[in-house]
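Structure, as structure tokens:
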Amino acid sequence: MESNLHFSKVSEHLDQIPSPCYVMEESLLRRNLELIRSVKERAGVEIILAFKSFAMWKSFPIFREYIQYTTASSPYEARLALEEFGSKAHTYSPAYIESDFPEIIRCSSHITFNSFSQYERFYPLVKAAAEPVSCGLRINPEYSEVEVELYNPCAPGTRFGVTADLLPPCLPEGIEGFHCHCHCESSSYELERTLSHVEAKFSHWFPQLKWLNLGGGHLMTREDYDVEHLIKLLQGLKSRYPHLHIILEPGSAFTWQTGPLVSTVVDIVESRGIRTAILDVSFTCHMPDCLEMPYQPKVRGAETLPEDAVKNAGAGEYIYRLGGNSCLSGDYMGAWRFDHPLQVGERIVFEDMIHYTMVKTNMFNGIQHPSIALLHTDGRLEVYKHFTYEDYKNRMS
Ligand SMILES: Cc1ncc(COP(=O)(O)O)c(C=O)c1O
């Protein structure tokens, strides 16, 4: 699929958009959803939305035209699945808590346990529940090509999942599925290699199962993703184990390149030759993955440069660091090269800021939280939420 960024219409509507604002574009979302639905149908698998990456619930009616289910990692996400997505969640949490568990049962069609001790504590409650819930176990294949330790679920000593050596030949009562999550922004070729490890270690138990959840991190909507290869891979897996219902639960792939964070320059400062444009947004508050991963986001109309370039800007070059409006010293990124001197009041548009942003933001320093909006296909901007002092105040007491 050609990069969604070529099709963005946000620049045409900048004057209607409040600042700061996350703007999801309906037409770009539908492109991704169409591709995901076609993979689901052609491969004969289930593809569900991981709320941990995106939970802008007012847009769920659009998702429901393409997919039926979601995955939750907490009681709140599970409740959102039931109440706003309209279907029970596939739930996995590293550790369920006694007081939450009745709500998890009420809102889930599938519950995956991370360990045998969690299974032993909570399975009796599932068994006694009024409605049937299908239970699974998270497995750890001890293989992942994710290089950033922060995002590697299979790193030695990981707290996620049960290794093959700890599984009894006959699975405990009620375990109907395996769940494994080993990817992050990964390709189908990484999935292929991971699957060969999963099958080598765990296929012995597959006859005892009904479903296999291959987790998230399948970035099938990225421009260079080999979708045909993914479909063949999944078809092959299904032909080897026709009784297994195969589930994929990506997050990022759904909202990959579906809209920017629109911000404004509020000041320009210079220190020891480094020029910083300070914005009405913050990396640490509103784009936390930039600092955590770390990665430097694309800025519309600007060239991304290595950080050092800001120190070596020649005369007549418009190279800037972009700074957040929090008091965290490291709340900045860049360099970027612009084709003109930046001015206070000018818009700065950070590309691809829909996944792992709104679900992770905070109100550190009491900074204004960006509004949340949908740019409809017909060009109408719907501001879903504008944050106020009350939102800040209500998070604390
Ligand atoms: C268990 C599980 N499922 C799904 C996902 C979604 O992954 P992604 O957004 O990379 O597709 C994650 C992300 O951390 C995860 O931990």
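Screening segment 182-264 for helices (runs of 4 or more DSSP H) wholly inside it with 2 or more residues that are under 30 Å from I348 (Cβ atoms) returns the ranges 252-255.
Are any of the residues in segment 214-233 in contact (Cβ under 8 Å) with a residue 12 or more places away in the chain, out of contact with any Asp or Glu (no Cβ under 8 Å at 6 or more places or on another chain) and on the phi > 0 side of the Ramachandran plot? The answer is no; no qualifying residue exists.
If you go through segment 136-146 one residue at a time, do you hit one that is surrounded by fewer than 18 Cβ atoms within 10 Å (Cβ to Cβ), at negative phi and β-branched (V, I, T)?
No, the conditions are met nowhere in segment 136-146.
Residue count for segment 104-134 under the criterion of being of a type in the set (V, I, T), free of Cβ contacts under 8 Å to residues at least 60 places away in the same chain and outside any helix (DSSP H, G or I): the result is 2. Among residues of segment 85-101 that are over 22 Å from G177 (Cα atoms), those with a beta-carbon under 8 Å from a residue that is of a type in the set (A, V, I, L, M, F, W, C) and within 16 Å of the ligand (Cβ to nearest atom) at least six positions away or on a different chain give the pairs F85/L49; F85/F63. Q343 passes every criterion in (1) in contact with a helix residue (DSSP H, G or I) (Cβ under 8 Å, 6 or more places away or on another chain); (2) part of a loop (DSSP other than H, G, I, E, B); (3) not aliphatic (A, V, I, L, M) apart from (1). For segment 135-156, filtered to residues that are within 12 Å of E185 (Cα to Cα) and either part of a strand (DSSP E or B) or of a type in the set (V, I, T) (or both), the residue that is farthest from the ligand (Cβ to nearest atom) is V148.
Condition first: in a helix (DSSP H, G or I), out of contact with any Gly (no Cβ under 9 Å at 6 or more places or on another chain) and free of Cβ contacts under 8 Å to residues at least 60 places away in the same chain. Now tell me which residues in segment 273-307 satisfy that. Reasoning before the result, please.
Step one: filter segment 273-307 for residues in a helix (DSSP H, G or I), giving 283-286, 288-292, 307.
Checking the rest, the ones that are also out of contact with any Gly (no Cβ under 9 Å at 6 or more places or on another chain) come to 288-290, 292.
C290 - this is the single residue of segment 273-307 that is in a helix (DSSP H, G or I), out of contact with any Gly (no Cβ under 9 Å at 6 or more places or on another chain) and free of Cβ contacts under 8 Å to residues at least 60 places away in the same chain.
Read the figures in this text as sums done on the coordinates, not as results from a lab. Remember, predicted model here, so these are calculated numbers, not experimental data. A quick note on method: Cβ atoms are made from the backbone with ideal geometry, for glycine too, and the neighbour counts reach across all protein chains shown.
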